[in-house]
1. Looking at the stretch 196-209, is at least one residue closer than 19 Å to Glu73 by Cβ and either exposed (fewer than 14 other Cβ atoms within 10 Å of the Cβ) or not hydrophobic (A, V, I, L, M, F, W, C) (or both)?
2. Only one of these is assigned to a helix (DSSP H, G or I), surrounded by 13 or more Cβ atoms within 10 Å (Cβ to Cβ) and not aliphatic (A, V, I, L, M): Tyr50, Tyr59, Tyr71. Name it.
3. Could you check how many residues of the stretch 146-179 are touching a Gly at 6+ places or on another chain (Cβ under 9 Å) and assigned to a loop (DSSP other than H, G, I, E, B)?
4. Exactly one of (1) without any contact (Cβ under 8 Å) to a residue 24 or more places away in the chain; (2) under 27 Å from Leu64 (Cβ atoms); (3) surrounded by 19 or more Cβ atoms within 10 Å (Cβ to Cβ) is unmet by Thr226. Its number?
5. Look through Val212, Val190, Val217, Val171 and report the one residue that is crowded, with 16+ Cβ neighbours inside 10 Å and either among the basic types (Lys, Arg) or more than 21 Å from the chain's Cα centre (by Cα) (or both).
6. Given the conditions (1) exposed (fewer than 14 other Cβ atoms within 10 Å of the Cβ); (2) in contact (Cβ under 8 Å) with a residue 12 or more places away in the chain; (3) farther than 18 Å from Ser80 by Cα, which single one is not true for Ala180?
7. Which numbered condition in (1) in contact (Cβ under 8 Å) with a residue 40 or more places away in the chain; (2) out of contact with any Leu (no Cβ under 6 Å at 6 or more places or on another chain); (3) of a type in the set (Ser, Thr, Tyr) is the only one that Ser95 fails?
8. Given Asp187, Asp233, Asp221, which one is part of a loop (DSSP other than H, G, I, E, B) and touching a residue at least 60 places away in the same chain (Cβ under 8 Å)?
Amino acid sequence: MLRFFAPLIAPLVGLLFVCALLWAVFMAPSAPAVHLASEEYHLPPRGIHYSFEGPLGKYDDRQLQRGFQVYKEVCSACHSMRLVAFRDLEEIGFSKPEVKAIAKNWQVETPSINPDTGEPATRKSLPSDFIPPVYANETAARAANNNALPPDMSLLAKAREGGPAYIASLVTGYEDVPPALKKEFPDFTVPPGLHFNPYFANLNIAMPPPLVSDGQVTYSDGTPATKAQMATDVSAFLMWAAEPKLENRHRTGLAVLAYLVIATLLAFGAYRSVWHGKKH
């Protein structure tokens, strides 16, 4: 008898396993969907037009210079740009003397030690230096920012989904928690040290509002420094910092397209010349 049922044991076990799997997939009760405030109230970046958009886009040097001014006077208090050298600023229209004067406003550490304080000695930056970091290390940065780490801004415009439009929306998007959100999600709170911003992924961001009022920066070219203008300018500058060769890439792409069009026409002409009058 055992010999008769032994060959059937393995198929029966497999059949039971398949039935259990099918029941788990189609019959088991599904877990209730979790409805989060961040899913409903998180906003996409605003639609902001930039001169460098599209295949023919170009940077506006005046805008980039204004954006650098916003970075220097507002953002550089917390955010570094360790991949940008001062001499790179010549690419956005600053002259060599202007770059030299800009660099002198930053101090860089030297390998030597100050004998009076025991701290690393410093010197004024040179055009060949990179923009020095704000904090000595990550520990110091977190200690100064409620355990939050301010990101380096060198590649920020390319590292964040939405690019410069996201940055411009974020820095001007601080607001009070909407009453509708409080009503729909009574348990939603803004923890101490955080700020409500619907353009941030989880709605609560550690960075305080960087642009607090119009006229926070006085532009040398006379452009009205509204919050929206400052946000657009600094985000354009950060896009240039992340992709300084964008215009070269556009020119190369157009040249390649023109080459391909001409090559295609020549190939078609050669085909017609070779096969003209010949029957297949």
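1. Going through the stretch 196-209, the residues closer than 19 Å to Glu73 by Cβ turn out to be 207-209.
Checking the rest, the ones that are also either exposed (fewer than 14 other Cβ atoms within 10 Å of the Cβ) or not hydrophobic (A, V, I, L, M, F, W, C) (or both) come to 208-209.
Yes, that holds for at least one residue.
2. Numbers: Tyr50 fails: assigned to a helix (DSSP H, G or I); Tyr59 fails: assigned to a helix (DSSP H, G or I).
Of Tyr50, Tyr59, Tyr71, the one residue that is assigned to a helix (DSSP H, G or I), surrounded by 13 or more Cβ atoms within 10 Å (Cβ to Cβ) and not aliphatic (A, V, I, L, M) is Tyr71.
3. Selection size over the stretch 146-179: 3.
4. The one condition Thr226 does not meet is (3).
5. Values: Val212 fails: crowded, with 16+ Cβ neighbours inside 10 Å; Val190 fails: crowded, with 16+ Cβ neighbours inside 10 Å; Val171 fails: either among the basic types (Lys, Arg) or more than 21 Å from the chain's Cα centre (by Cα) (or both).
The match here is Val217.
6. (2)
7. Going through (1) in contact (Cβ under 8 Å) with a residue 40 or more places away in the chain; (2) out of contact with any Leu (no Cβ under 6 Å at 6 or more places or on another chain); (3) of a type in the set (Ser, Thr, Tyr) one by one, Ser95 breaks only (1).
8. Details: Asp187 fails: touching a residue at least 60 places away in the same chain (Cβ under 8 Å); Asp233 fails: part of a loop (DSSP other than H, G, I, E, B).
None of the other options fit; the residue is Asp221.
The values are calculated or read from the model by the stated rules, or taken from the named source; none is laboratory data. In this text the structure is predicted, and so the values were computed from the model without any measurement. Counting neighbours? That spans all protein chains shown, and the Cβs are built from the backbone with ideal geometry, glycine included.
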